[in-house]
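A.B. asks: Right, I'll just put the structure down here and ask away after.
The values are calculated or read from the model by the stated rules, or taken from the named source; none is laboratory data. What you see is a predicted model; the values in this text were computed from it and never measured. Methodologically, a virtual Cβ is constructed for each residue, glycine included, from the backbone with ideal geometry; neighbour enumeration extends over all protein chains shown.
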Amino acid sequence: MYQFSYAEVARDVEVDARERERRALDHSIELLRKAEENGPRSRDAIEAIYTTRSLWAILVEDLASAENGLPEALRAELISIGLWIMREAEAIRLGRSQNFAGIIEITTLIRDGLN
């Protein structure tokens, strides 16, 4: 029978969580690219904005949690980025922006940082 230390199990859980976050960000990026191609009033844009805002709301909530293991300064920076992304997505929804490229670029940088 195998016995795993708590540290090994915790490390595996962290790796799994990062992989899920990376896949969720990949999905958001894919939707945003389709939306950018088809325009801010397309069905693709509606889906991309909803998905992106929902994802970042979850991430920001997790980052704000005292149980989050990231350093406080990094958490604060990521929260600021998440809030910016949500504001940009809302501006696109309201017709005040078409900045899909900015959201894609920042989300890609965050996703790449998870590796």
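A.B. asks: Out of all the residues in segment 80-115, which are more than 19 Å from residue 26 (Cα to Cα), free of Cβ contacts under 8 Å to residues at least 24 places away in the same chain and part of a helix (DSSP H, G or I)?
C.D. replies: Answer for segment 80-115, where residues must be more than 19 Å from residue 26 (Cα to Cα), free of Cβ contacts under 8 Å to residues at least 24 places away in the same chain and part of a helix (DSSP H, G or I): 80, 87, 91.
A.B. asks: So, residue 77, is that one out of contact with any strand residue (DSSP E or B) (no Cβ under 8 Å at 6 or more places or on another chain), without any contact (Cβ under 8 Å) to a residue 24 or more places away in the chain and farther than 20 Å from residue 112 by Cβ or not?
C.D. replies: Values: out of contact with any strand residue (DSSP E or B) (no Cβ under 8 Å at 6 or more places or on another chain): yes; without any contact (Cβ under 8 Å) to a residue 24 or more places away in the chain: yes; farther than 20 Å from residue 112 by Cβ: no.
No: the conditions fail for residue 77.
A.B. asks: Are any residues in segment 56-73 part of a helix (DSSP H, G or I) and surrounded by 12 or more Cβ atoms within 10 Å (Cβ to Cβ), and if so, which ones?
C.D. replies: In the first step, residues of segment 56-73 are kept if they are part of a helix (DSSP H, G or I); the result is 56-64, 72-73.
The answer is 56, 57, 58, 59, 60, 61, 62, 63, 64.
A.B. asks: Continuing with the same structure: Are there any pairs, at least 6 apart or on different chains, whose C-beta atoms fall under 7 Å, with the first in segment 56-71 and in contact (Cβ under 8 Å) with a residue 24 or more places away in the chain and the second of a type in the set (A, V, I, L, M), and if so, which?
C.D. replies: Pairs found: 56/85; 56/86; 57/86; 60/79; 60/83.
A.B. asks: Check segment 36-44 and report whether any residue there is surrounded by 13 or more Cβ atoms within 10 Å (Cβ to Cβ), of a type in the set (S, T, N, Q), in a helix (DSSP H, G or I) and at pLDDT 95 or above.
C.D. replies: Taking every residue of segment 36-44 in turn, at least one turns out to be surrounded by 13 or more Cβ atoms within 10 Å (Cβ to Cβ), of a type in the set (S, T, N, Q), in a helix (DSSP H, G or I) and at pLDDT 95 or above.
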